[in-house]
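Below: one structure, written as structure tokens.
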Amino acid sequence: MTVHRPGAGQPTAPEPVLPGETEAATAAHGARWTIIAMIARQFGRLGFALVLARLLGPVDFGVASAATIYVSLTAVLLETGLATGIVQKAKLRRQDEGAAFWTVTALGTLVGLLTVAFAGPTADFLDIPQLRPVLMVLAIGPVLKGLTIVSAARLQRDLRFRALSLGEVIATLLGGGIGIAAAELGMHYWALVVQQVCTDALVLLIWLGAAGLPAFVLDRSALRYVRRFGVPLLGSQALGYVGRNADNVVVSHFLGAAALSYYMVPYRIMLVPVSLLGNVANRVAFPIFARIQDDPLRIRRLFLRVTQVIAVPVVPGMLAVAVLAPDVVTTVFGPEWGPAVPVVIALATTGILESLTTPGGSVFMGLGRADLALRWSWIPLLVCVPAFFAGLPWGVTGVAAAYSIATLLLTPFQVAAIGRVAAFSLGDWLRAIWPAVAAGVPSTALGWLVHEVLETSAGFAVPATLCVSLVVVAVSYLVLLRLIDRQLFRESLRVAKLLAKGKLGSLSAKEG
């Protein structure tokens, strides 16, 4: 695809009009690639974490877990609001692109320098001396991501999800392979460092090659736009990062590296649906919401449809992981990870609710409401952080349970805030997720009952019992879903078929 480069002060490309079928078809082409990329990235990272967990054990894995907290900070830069304006702005100039590039690059460099400066104090605070050199090497990550962001935003603006996704898939697979090789060579937690730096460098090279060099010119108007639109979004994402990682810091500082390992493994499981489904929805839906921001009815229908599509697999999936947690942890991570079982159970509610509310971010950004995105970053922070401390007397399980309780209390208010700009009520949202809940609870209960019978009476091995129980949950869930809401059942099958054909975005065609 040839990139159009007009003169200074002119839009970078004519904006396509995407009504009805044309809009859906354009987004549909990228939906499959986006989901493939998310699956490859999340399961690649989860698989690499599994290798480390089995190789190092809970105590040594704590060093890698602490490093992961920092890696997630650089992920905030990758999705930073400072470049989101490239996607959201109706008429994009080269100066706007240049202002975003220089701002994000400067921020990435600053974060890298601060990482080197505070590596020692951070390691001392977390009481993990080995973390200091790890953080100093990982400081290159923000610099690489800062150089990458504008290219990613341009690809997203042009709905070039294939190029965007292929870059992630290739970099994740190659970087993960290099990291696993490093682990096999005895580098232990340093394998994470090798994997992360190689992945970031590969993403930079691939996306830069696909999008071309960014613009380097800027003016005061462009900088003002970055400050007005991008800074609030960056603030919301930074606060979101603090909120998502405050529990990890609290656990590491007060309970130790081993406790952090027992907390981080279930936390990774909880993040799978959030990252796979919620973030896929955000990446695909954000540019669509931006283009239909003047049509509240379509926004309402699209958001509720996305929420319902997410609920269908997430609700039974997370409930099944919770009730079968002992077998899941033993089979996947090994018997020495037994203390993580109650944490898996406690975090299941958080995994469901965060998956269902994550698409709200694409609504706020698409409608240009960075102020609401910022507000709904610090409000959970004020509620969740005190909850983490309240749960400390009961160890990692107490922290996890407090997290889920706080999330449960906040969700109705967060949904109401999204609904005020997307023209739906809390009742509309509850009706959208009800069929998945009504079918998921009894099917999960049946799966647990079968598990108990097989384990106590038939004497099946743990992996076999787990597989049979999961099959029972899946089959009974599909049967109940068909009985409760036949239309949703048929639509879910249609979504699966569209996904397989790369036409998932066509669901939005009927929203207008």
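The values are calculated or read from the model by the stated rules, or taken from the named source; none is laboratory data. These numbers were taken from a predicted model, which means no experiment stands behind them. With ideal geometry, Cβ positions are generated from the backbone for all residues, glycine too; neighbour counts draw on all protein chains shown. Ligands, DNA and RNA are excluded from the accessible area calculation, which covers all protein heavy atoms including side chains. Shrake-Rupley method; radii C 1.70, N 1.55, O 1.52, S 1.80 Å.
Quick look at the numbers
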read-out: Total residues in segment 105-131, condition at pLDDT 90 or above and under 19 Å from Ser261 (Cβ atoms); value: 0
read-out: Only listed residue being without any contact (Cβ under 8 Å) to a residue 12 or more places away in the chain, over 20 Å from Ala191 (Cβ atoms) and open to solvent by 50 Å² or more (accessible area, probe 1.4 Å), chosen from Pro129, Pro121; value: Pro121
read-out: Residues within segment 316-368 that are within 21 Å of Thr465 (Cβ to Cβ) and polar (S, T, N, Q), tallied; value: 2
read-out: Given (1) surrounded by fewer than 24 Cβ atoms within 10 Å (Cβ to Cβ); (2) hydrophobic (A, V, I, L, M, F, W, C); (3) under 16 Å from Ser355 (Cα atoms); (4) at pLDDT below 75, index of the condition Ala238 fails; value: (3)
read-out: Within segment 312-332, tally of residues that are surrounded by fewer than 23 Cβ atoms within 10 Å (Cβ to Cβ) and over 18 Å from Glu452 (Cα atoms); value: 2
read-out: Count of residues meeting criterion [in a loop (DSSP other than H, G, I, E, B) and in contact (Cβ under 8 Å) with a residue 24 or more places away in the chain] in segment 179-215; value: 5
read-out: Residue within segment 480-493 that is touching a Phe, Trp or Tyr at 6+ places or on another chain (Cβ under 7 Å) and crowded, with 18+ Cβ neighbours inside 10 Å present; value: yes
read-out: Scan of segment 353-380 for residues that are surrounded by fewer than 17 Cβ atoms within 10 Å (Cβ to Cβ) and within 30 Å of Phe254 (Cα to Cα), ordered by number; value: Arg375, Trp378, Ile379
read-out: Enumeration of residues in segment 152-187 that are over 20 Å from the mean Cα position of the chain (by Cα) and small (Gly, Ala, Ser); value: Gly177, Gly179, Ala181, Ala182, Ala183, Gly186
read-out: Boolean, Arg375 is in a helix (DSSP H, G or I), within 21 Å of Arg494 (Cα to Cα) and not polar (S, T, N, Q); value: no
read-out: Lone qualifier among Ala422, Ala438 - being of a type in the set (A, V, I, L, M), surrounded by fewer than 22 Cβ atoms within 10 Å (Cβ to Cβ) and more than 20 Å from Leu239 (Cβ to Cβ); value: Ala438
read-out: Members of segment 155-167 that are modelled with pLDDT of 80 or more and open to solvent by 10 Å² or more (accessible area, probe 1.4 Å); value: Ala163, Leu166
read-out: Sole residue being in contact with a His (Cβ under 8 Å, 6 or more places away or on another chain) and assigned to a helix (DSSP H, G or I), chosen from Thr465, Thr456; value: Thr465
read-out: Output for segment 137-151, where each listed residue is surrounded by fewer than 22 Cβ atoms within 10 Å (Cβ to Cβ), farther than 12 Å from Leu114 by Cα and at pLDDT 85 or above; value: Val137
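Residues checked against (1) closer than 23 Å to Leu302 by Cα; (2) modelled with pLDDT of 95 or more; (3) surrounded by fewer than 14 Cβ atoms within 10 Å (Cβ to Cβ):
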residue	(1), (2), (3)
Thr444	no, yes, no
Val450	no, no, no
Val468	no, no, no
Lys497	yes, no, yes
Ser506	yes, no, no
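Residues checked against (1) among the hydroxyl-bearing types (Ser, Thr, Tyr); (2) in contact with a Ser or Thr (Cβ under 8 Å, 6 or more places away or on another chain); (3) modelled with pLDDT of 80 or more:
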| site | (1), (2), (3) |
| --- | --- |
| Tyr267 | yes, no, yes |
| Ser275 | yes, no, no |
| Ile292 | no, no, no |
| Gly317 | no, no, yes |
| Val321 | no, no, yes |
| Asp327 | no, yes, yes |
| Leu356 | no, yes, yes |
